[in-house]
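For reference, the structure discussed in these notes is given below.
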Amino acid sequence: SGLHREIGATQRLLGTLAHPDRLFRPFGGGALSRRLLSACARDYLIAGEYSCVVWNCVPRDWEHPDGWIEKGLAQCAGHAWSLVVLHDFVAGADRMLDRFLGALKEAGHESVQALPPECVPIVRGRVVRPIEALVME
């Protein structure tokens, strides 16, 4: 199936570089659809003992590579713990990362390499948060 090709093949390609939690982040242009987190996808992630990671802050940097920082800061201010999705492949949005991180620090935020529990609905194959609430029509 497509899930085996996309998720499973990618996991195999990562090999020893893969995180022990077998992290999977659906791609969806800022919103999750039923296609991305379908019942089949959910079942595949559970059976493969994957951890599904979603986000609670997406400043849409691909739309405004030089103007997403303010939107990102406002979104971060709205959460006790934000997981920000940024993209390095778009027209230079990654050039703004240092400025964004500096502005976060100046505003009193701390950057950590950890995942907010609300953004990990499946942990090592176990559903810990309802996925349906995350999926937009």
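The values are calculated or read from the model by the stated rules, or taken from the named source; none is laboratory data. Since we're looking at a predicted model, the values are computed, not measured. Neighbour counts run over all protein chains shown; Cβ positions are idealised from the backbone, glycine included. In case anyone asks, the SASA skips ligands and DNA or RNA and just uses the protein heavy atoms, side chains included. Shrake-Rupley method; radii C 1.70, N 1.55, O 1.52, S 1.80 Å.
What to note about this one:
- Where chymotrypsin sites (Phe, Trp or Tyr not before Pro) in DSSP loops with at most 14 other Cβ within 10 Å are excluded, longest remaining stretch of the chain: 28-88
- Around the Cα centre of region 60-123, unit charges on the Cβ atoms of Lys, Arg, Asp and Glu (plus for the first two, minus for the last two) sum to a dipole of about 60 debye.
- Ranking 114, 78, 96 by Cα position along the charge dipole of the chain, where only Lys, Arg, Asp and Glu carry charges on their C-beta atoms, puts 114 farthest toward the positive end.
- Computed in the context of the full set of protein chains, the accessible area of region 42-113 at 1.4 Å probe radius has 51% of its extent on carbon or sulfur.
- Solvent exposure of the chain as accessible area per residue, Å², 1.4 Å probe: 63 Å²
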